[in-house]
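Enquirer: Before we start, here is the structure in question, set down as structure tokens.
The values are calculated or read from the model by the stated rules, or taken from the named source; none is laboratory data. Since the model is a prediction, treat every value here as computed from it, not as a measurement. Here the Cβ is made from the backbone with ideal geometry for all residues, glycine too, and neighbour counts use every protein chain on show. We work out accessible area using only protein heavy atoms, side chains counted, and drop any ligands, DNA or RNA first. Shrake-Rupley method; radii C 1.70, N 1.55, O 1.52, S 1.80 Å.
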Amino acid sequence: MGSGHSAHLHVDGSSLLHRLPPQVKLVGLLSFVLAVVSVPAGSLVALGCLLALAAALLLSTGVAPRHVAARLVVSLPVVVFALALPFVASGPDSALGPLTVSSTGVTAAWTVLAKGLTGILSAVAFAVTTPPTDLVAALQRLRAPALVVLVLSFMVRYLTVVTQELARMRVARESRGFRGRGLRAWPVLAAASGALFVRSYERGERVHLAMLSRGFSGRLPETSPLTARPGEWATALVPAALALTASVAARL
Amino acid sequence: MHVPDGFLDAPTSVATAVLAAGALAVCLRGARRELDDRVAPLAGLVAVFVFAAQMVTFPVGAGTSGHLLGGALAAVLVGPRTATVCLTVVVAVQALLFADGGVSALGTNVLLLAVVGPWAGYAVFAGARAVLPSRPASVPLAAATGAWASVVVAALVFVGLYAVGGAAPVPLDALVAAMGTWHLVIGLGEAGITFLVVSTLVAARPDLVHGARPVLGHAKLVVAQGGRL
């Protein structure tokens with residue numbers, strides 16, 4: 001969770017997912033994942049098909065597997081939780097080799113694993129095809145609160161600046177012989193974090209003054225409003241429609 | 001710490017999203033009071049700071065390390081309303097641009113990490129600050145207490161949500177024991193880091209620490225006759 005955030009996931013490309021307008025893609029992603037989560041536990045065939053669909057979507061972006069492999073490590077907690085479920089869940093016991101496991105737990109483990117991985121694969125497919133600035137424009141188009149859009153746009157703009165500042169501070173520490181091992185490193189690292197806060201805060205003040213002197217009125221102007229054709233909406237909602245069908249069919 | 005997709009069922013995910021959106025709406029209105037008109041650029045940079053501070057790994061020993069969650073720290077530094085706005089954006093960026101935390105669980109994660117974390121932390125911080133002597137040196141101690149409480153309370157709220165809409169029936173007392181014990185320890189790390197960061201800031205730039213304002217007192221403006229001080 002704390003590592004691997006240094007680079008944006010986005011990769012340029014010309015696949016179908018790259019070409020869809022970002023607001024359409026965001027709505028498509030949200031509704032797809034929500035529909036997947038609504039599939040009842042135990043419908044493993046349906047969940048397997050949806051997992052395959054998410055994997056196919058990710059593959060269709062044409063992004064090198066090496067680029068996204070590191071991000072798939074975030075799925076580790078899902079796997080650990082799924083492995084633990086058969087042993088901690090309540091319900092009728094069944095024998096699995098020499099072990100006694102809860103059969104509800106085994107079903108739930110497969111369900112959690114499939115849903116969690118489907119969610120991660122589709123979120124990665126969104127992230128690799130959507131530049132961060134497009135996410136800002138998409139949320140603005142979808143009428144997210146103006147302040148949230150503004151904060152997000154600053155975050156996207158200054159993320160690299162501040163993480164590079166953090167990297168420079170680390171180089172400075174290490175070139176002075178600092179080796180972070182054990183609890184004794186904590187005061188040094190905390191002081192660096194404190195310094196980073198002061199620098200970020202002061203940068204915020206400077207940026208604000210610079211923006212005011214250029215006529216900033218408190219709102220982000222929408223320079224080129226996003227548009228989407230009905231066909232693009234229909235395309236983006238296909239995965240969600242499939243997942244919803246699976247969810248309804250599994251209940252019948 | 002982020003809840004992935006499928007841990008909680010769809011109705012619970014939607015309900016937490018509605019709760020989170022309501023809390024965010026209230027905080028958006030209040031954030032302007034905490035940072036006046038500088039709110040947008042400053043809140044943006046504070047959000048980036050929280051994101052970057054979560055990347056600093058603190059070695060624990062035996063090859064393991066931990067990192068800051070930052071909910072209580074942000075609440076102490078810029079006030080709980082602004083902290084909620086900043087953490088919401090951090091959680092959203094992590095889910096949508098880094099695939100960290102489930103997209104369907106976005107509402108749950110915002111509720112736990114951006115609402116419950118900062119507010120529980122700030123409430124305990126404010127309580128501890130009222131009890132401790134009214135000195136700047138009390139602020140880091142109160143912040144550490146708040147940070148510890150924010151982690152434990154967020155973990156217990158997650159257990160509550162899991163009891164309502166969890167993926168599999170797990171005996172509640174076992175879950176409380178496991179999550180509680182584990183997060184008591186994680187909370188100690190969070191408290192340690194928060195204590196050290198807030199001490200640094202109270203010593204160097206107390207004017208930037210929102211939670212230190214009541215104990216700073218007011219420096220009197222002295223105008224000396226004839227230009228001599």
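Enquirer: Can you give the FRET efficiency for A:LEU252 and A:SER15, using 1/(1 + (r/R0)^6), R0 = 41 Å, r = Cβ-Cβ distance, to the nearest 0.05?
Expert: 0.75
Enquirer: Report which residues of region A:104-132 become buried by 40 Å² or more of accessible surface when going from the isolated chain to the complete set of protein chains (1.4 Å probe; DNA, RNA and ligands ignored).
Expert: Hits at the 40 Å² cut-off: A:VAL112, A:ALA123.
Enquirer: Still on this structure, please answer the following. Using a 1.4 Å probe on the protein chains only, how many percent of the accessible area of region B:159-229 belongs to carbon and sulfur?
Expert: The nonpolar share, carbon plus sulfur, comes to 69 percent.
Enquirer: Taking θ as phi - 60°, what are the ³J(HN,Hα) couplings along region B:25-30 by the Karplus curve (6.51, -1.76, 1.60), each to the nearest whole Hz, with x for Gly and Pro?
Expert: 4, 5, 5, 4, 5, x
Enquirer: Mind listing the long-range amide H neighbours of B:SER65? Cut-off is under 5 Å, sequence gap 5 or more, other chains count too, H placed in the peptide plane at 1.01 Å from N.
Expert: Long-range HN contacts for B:SER65: B:VAL60.
Enquirer: Report the A-B buried area as the accessible area lost on both sides summed, probe 1.4 Å, in Å² to the nearest 100. Intermediate results must be reported in sequence, preceding the final value.
Expert: Working: alone 15680 and 12000 Å², together 21370 Å².
That pair hides around 6300 Å² of surface in total.
Enquirer: Which whole number gives the average, over all residues in B:13-26, of C-beta atoms from other chains lying within 10 Å of the residue C-beta?
Expert: 1
Enquirer: Under 5 Å between amide H atoms, partner at least 5 residues away or on a different chain: which partners does B:GLY79 have, H built in plane at 1.01 Å?
Expert: B:HIS210, B:GLY211
Enquirer: With every protein chain kept in place and ligands, DNA and RNA left out, what is the accessible area per residue of chain A? Probe 1.4 Å, answer in Å².
Expert: 50 Å²
Enquirer: Kindly rank B:121-131, A:32-42 from highest to lowest mean number of other beta carbons found within 10 Å of each residue. Intermediate results must be reported in sequence, preceding the final value.
Expert: On the way: B:121-131: 19.5, A:32-42: 23.8.
Most protected by this proxy first, the peptides run A:32-42, B:121-131.
Enquirer: Once you charge only the Cβ atoms, +1 for Lys and Arg and -1 for Asp and Glu, what is the size of the charge dipole of the protein assembly as shown about its Cα centre, to the nearest 20 debye?
Expert: Roughly 1460 debye for the protein assembly as shown.
Enquirer: Same structure, new question: Peptide B:161-168: average number of partner chain Cβ atoms within 10 Å per residue?
Expert: Mean shielding by partner chains, rounded to a whole number: 4.
Enquirer: Working from the pairwise distances between different alpha carbons, so that the mean of 1/r is found and then inverted, what is region B:1-137's Kirkwood radius in Å?
Expert: Value: 15.7 Å, from the Cα pair sum.
Enquirer: Which value, in Å², gives the accessible area per residue of chain B when a 1.4 Å probe is used on the protein heavy atoms?
Expert: On a per-residue basis, 38 Å².
Enquirer: How many Cβ atoms of partner chains, on average, are near each residue of A:181-191 if near means within 10 Å of its Cβ? Working shown, then result.
Expert: Numbers: counts 2, 5, 6, 1, 4, 8, 5, 1, 10, 14, 7.
What the average comes to for A:181-191 is 6.
Enquirer: Students often check this: by mean Cβ neighbours within 10 Å, which of B:152-158, A:220-226, A:116-122 ranks highest, and how do the rest follow? Intermediate values should be presented prior to the final figure.
Expert: On the way: B:152-158: 20.4, A:220-226: 10.1, A:116-122: 27.4.
Going by the mean number of other Cβ atoms within 10 Å, highest first, we get A:116-122, B:152-158, A:220-226.
Enquirer: Something else about it: Above 38 angstrom, tally the Cα pairs of the protein assembly as shown and express them as a % of all pairs, no decimals.
Expert: Numbers: 30825 of 115440 pairs.
Of all Cα-Cα pairs in the protein assembly as shown, 27 percent lie more than 38 Å apart.
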